[in-house]
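Every number in this text was worked out from the coordinates using simple rules, so none of it is lab data. Just so it is clear, the model here is predicted, and its values are computed rather than measured. For neighbour counting, all protein chains shown are included, and Cβ atoms are generated from backbone atoms with ideal geometry for every residue, glycine included.
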């Protein structure tokens, strides 16, 4: 049973993975992982969900599992959230609703609309690291159920993935038809011209939207409080990341807890200190490497790496590229991909 100390997923977002695995298992005479959706509560603790997804990925050994699961997604699979977004007035309203109500399906997602002079970015960021297949499912599933209806007329629509570009991108081009894919991006996102924020939704219905929002607000009020400790930690880490002093003892003192309590409370929320430090360092490193001329040795020191070689190894693990290659690519795309 999920508690107020545990972030959760709606079991709705696990269903497509099981559908794909069941079909493939039937074809291959193999059995999918032993856990089934019928055994789960409506809200699944993330530690349980991640264990199940890890088993699914191990069972399938299929790098395209996330995209295949996204093909199994249909409007309504995310419940009231789907119909609330579909009945929104325009794209801007749909983005704002997704930002506010993402917790209906995933406690760890932070969605945010950023409007710049030359582009709008709907950012989708997870507090916890996402395997490639999970990121693929998230982007492709949202695209299929909501985004493609209005993105079809946008010649400059992009889907951003944080993982590196796979050797074969044919399946991405197929499921994300009409969009340009960018890999090794600084964050997961949909990117498009700002003017498209005012595009009306094909099924806009203000009265229906208001009714659904009332129902959803009541549902949110009944849900356990979001795990605040990890969020508090990230605020501190993001503030201190360039100090080079992200050690557990120091950060625990800043949060007024012991090192042991810090570890215990993070474990209860399905994460760990090193995971959050790595996540914040990665986001900061990608941003500075892509959008500045800060020397890599200086950035490595600021981020707390003992040696620049350690920074290079971490960056290669994060992106599959060296910092120099990543910066060159970002520079060559400047003006089109300058996030």
Mind telling me which of 159, 58, 78 comes out most flexible in a GNM of the chain, alpha-carbon contacts under 10 Å?
58
Give the shape of the chain as rounded, prolate or oblate, defined through the alpha-carbon gyration tensor: a ≥ b ≥ c are the square roots of its eigenvalues, a/c under 1.5 means rounded, and otherwise the shape is prolate if a/b is larger than b/c and oblate if not.
rounded
Tell me what the chain gives for mean residue ellipticity at 222 nm when only DSSP H runs of n ≥ 4 count, each as -39,500 (n - 2.57), the sum divided by the residue total, rounded to 500 deg cm²/dmol.
-15000 deg cm²/dmol
With the 8 Å Cα cutoff and a minimum separation of six or more residues, region 8-221 has a relative contact order in percent of 23 percent
I need 282, 316, 68 ordered by Cβ neighbour count within 10 Å, fewest first.
316, 282, 68
Neighbour-count ranking [beta-carbon atoms within 10 angstrom, fewest first] of 160, 150:
150, 160
In Å, the Kirkwood hydrodynamic radius from C-alpha pairs for region 82-225 sits at 15.9 Å
Taking a ≥ b ≥ c as the square roots of the Cα gyration tensor eigenvalues, with a/c under 1.5 meaning rounded and otherwise prolate when a/b beats b/c, else oblate, which class fits region 238-298?
prolate
Take residue 96 and residue 250, extend 7 Å from each Cα along the Cα→Cβ direction, and tell me the distance between the two endpoints in nm.
4.1 nm
By counting other Cβ atoms within 10 Å of each Cβ, how are 124, 251 ranked from fewest to most?
251, 124
Between the alpha-carbon centers of region 146-188 and region 235-297, tell me the distance in whole angstrom.
30 Å
Potential lengthening between residue 260 and residue 221 on full extension [0.36 nm per residue; Cα-Cα distance subtracted]
10.9 nm
Value of relative contact order over region 228-332, rounded to a whole percent, pairs C-alpha under 8 Å and six or more apart:
27 percent
